[in-house]
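**Student:** Here it is: the structure, laid out below.
We did not get these values from a lab; they are worked out from the coordinates using the rules stated. This one's a predicted model, so the numbers in the text were calculated from it and none came from an experiment. Counting neighbours? That spans all protein chains shown, and the Cβs are built from the backbone with ideal geometry, glycine included.
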C-alpha cells in the first residue's frame, strides 16, 4: 500500500487516463486511420490501374506497330504486283497496238495496191479505147483514098475485130 | 524526491495533477493533428499528410509482415500507442515543463511544476499497459476461440508439465503489466530528473545534449511499447502458439 501511495497510484487518475486513451484511440481510428486507409487504398488502386493501363497501352502500341509493319508489307507487295501487272499490260498493249498498226498499214497498202491496179486497168482500157479510136481515125483517113466504101467498111470491121481480140487477150 | 504527480487543484473532487494537464495538452495536440490531416487528406499528399502517411505506412507494413491478415485490427492499436506515447514524451521536451511552477498557500515555498510529462505518471503508463493487455486478450478470445484461449493457461496435457507452463503464462501476463508500465514510467521519470538536474546545474548549453538524448528516449520508448504490443497481439491471436 505504501508503495502504491509512493508511486501516486490513484483509482480516479488511473480511470481518467484509461478513458482518455480510449477516446484518443476512437478519434484516431475514426478521423485519421480510416480516411487515410481509404485514401491509401484508393491511391494504391489508382497506381495499379495506371500501371495496368500503361501495360495495356504498351501491348496496344506493340500490336499497332506489328499491324503497321504488316500493312506496309502488304501494300508493298500489292504495289509490286500492280507494277508487274501494269508492266505486262503495257507490253501487251504495245504489242497489240503494233500488230494492229501493222495490219492496218498492210490493209492500207493492199487497198492502195488494189486501187492502183484498178486505176491501171481503167487507164489501160481508156488508152486501148483511145488507141482504137485513133487507129480507126488513122485507118479511115489512110484508107479513104485507096478503097471503096464497102471495102473500107469490111477492112475497118475486120481491123476493129482484131483490135478487140487483142484487147481482150 | 517526489515520484508521484503533484496535485495542483481539484475539480468536483477530482484531483487535477500536473500530469493530467500534460495529458490534456497531448490530447489537444493529437486532435489538432488529426483534424489538420483529415481536412487536407488528398491523393496528392502535402507536408503533414506525407509525414503521417509515412508513419502509418511503416506500422501497417511492419504489422503485416509479422501478423499477416490480422494486421488490419492490430495496427490501429499499435499506432495509437505509438503516437500517444511519442507525442506525450515530445511535448514534455518543450520549455515550461518543470520550470513553470504552481504556487498555492498549501504548497511549499518554490511551488510545484505546473507541467510534468504525462508518461512520468504511473497512472498513465499503467492505464496504457492495462489497455494493451486487455485488448490483446480480447483479440485472443475473438480469433482463437474461448476454448483455445483457456487452454493456454489451464491444460492437463502431459500433466503436470503443461499445467506448470500455463501457470507461467498467467504469471507472464501479470509481468507484462508491470514491465509495460514501469519501463515507460522509469525511463521518462529518470529522464525528467536528469533534465531537472542539468537545468539546475547550468541552464545554458549544458542541457542541450540531454534534450537530444531525451528526444531519442521518447522515440525509442514509444517504439518499444508499440512493438511489444504488436508482438503480444500477434502471439496471442495466432492459433499455432
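**Student:** Can you pull the three principal axis extents for the Cα set of the range B:9-121, in Å, largest first?
**Tutor:** Extents along the principal axes: 57, 30, 26 Å.
**Student:** Determine the shape class of the range A:2-168: with a ≥ b ≥ c the square roots of the Cα gyration tensor eigenvalues, call it rounded for a/c under 1.5, and otherwise prolate if a/b is greater than b/c, oblate otherwise.
**Tutor:** Values: a/c = 20.67, a/b = 10.50, b/c = 1.97.
Because a/c hits 1.5 or more and a/b exceeds b/c, the range A:2-168 counts as prolate.
**Student:** For the range A:16-48 and the range A:77-102, what is the separation of their Cα centres, given in Å?
**Tutor:** About 83 Å separates the Cα centre of the range A:16-48 from the one of the range A:77-102.
**Student:** Any chance you could tell me what percent of the C-alpha pair distances in the range B:7-237 go past 23 Å? Present the calculation step by step, with values, prior to reporting the outcome.
**Tutor:** On the way: 15531 of 26565 pairs.
Here the tail beyond 23 Å accounts for 58 percent of pairs.
**Student:** With springs only between Cα atoms under 10 Å apart, run a GNM on chain B and tell me which of B:88, B:38, B:99 wobbles the most.
**Tutor:** Per the Cα network of chain B with a 10 Å cutoff, B:38 tops the list.
**Student:** What list do you get for A:1, B:230, B:158 if you sort them by fewest beta carbons within 10 Å?
**Tutor:** A:1, B:158, B:230
**Student:** With the Cα gyration tensor of the protein assembly as shown in hand, give its eigenvalues times 5 under a square root as the equivalent ellipsoid semi-axes, listed largest first in whole angstrom. Could you put the intermediate results ahead of the total?
**Tutor:** Values: eigenvalues 3560, 153, 46 Å².
Ellipsoid semi-axes (Å, largest first): 133, 28, 15.
**Student:** Among B:102, B:180, B:81, which one moves the most in a GNM of chain B with springs linking Cα atoms closer than 10 Å?
**Tutor:** B:102
**Student:** Using 7 Å Cα-to-Cβ label points, what is the residue A:142/residue B:24 separation (nm, one decimal)?
**Tutor:** 17.5
**Student:** On a 0 to 90° scale, report how tilted helix A:11-28 is relative to the longest principal axis of chain A, with both axes built from alpha carbons and the result rounded to the nearest 10.
**Tutor:** That helix lies at roughly 0 degrees to the long axis.
**Student:** May I pose another question? Other chains' Cβ within 10 Å of B:118-124 residues: what's the mean?
**Tutor:** Details: counts 2, 0, 0, 7, 9, 12, 7.
Average per residue, whole number: 5.
**Student:** Per-residue Cβ counts within 10 Å, from other chains only, averaged over A:33-41: what number is that?
**Tutor:** On the way: counts 9, 2, 5, 10, 5, 1, 7, 7, 0.
Per-residue shielding by partner chains comes out at 5.
**Student:** To test your reading of the geometry: what angle, between 0 and 90 degrees and rounded to tens, separates the Cα axis of helix B:207-237 from the longest principal axis of chain B?
**Tutor:** 20
**Student:** At residue A:41 and residue A:65, where each label point lies 7 Å from the Cα along Cα→Cβ, what is the point-to-point distance in nanometres?
**Tutor:** For residue A:41 paired with residue A:65, the spin-label model returns 3.9 nm.
**Student:** With runs of 4+ DSSP H residues as the only contributors, calculate the mean residue ellipticity of chain A at 222 nm using -39,500 (n - 2.57) per run, divided by the residue total and rounded to the nearest 500.
**Tutor:** Numbers: 4 runs with 153 residues, N = 169.
Taken over chain A, the calculation gives -33500 deg cm²/dmol.
**Student:** Right, next: Measure nothing but the geometry: give the 0 to 90° angle between the long axis through the Cα atoms of B:71-91 and the longest principal axis through the Cα atoms of chain B, rounded to 10°.
**Tutor:** Helix B:71-91 sits roughly 20 degrees off the main axis of chain B.
**Student:** Quick check: the distance between the Cα centres of the range B:33-96 and the range B:177-238, to the nearest angstrom?
**Tutor:** Centre-to-centre (Cα) distance: 19 Å.
**Student:** Most mobile of B:116, B:101, B:60 per a Gaussian network model of chain B (Cα springs, under 10 Å)?
**Tutor:** Evaluated over chain B, the most mobile residue of the options is B:101.
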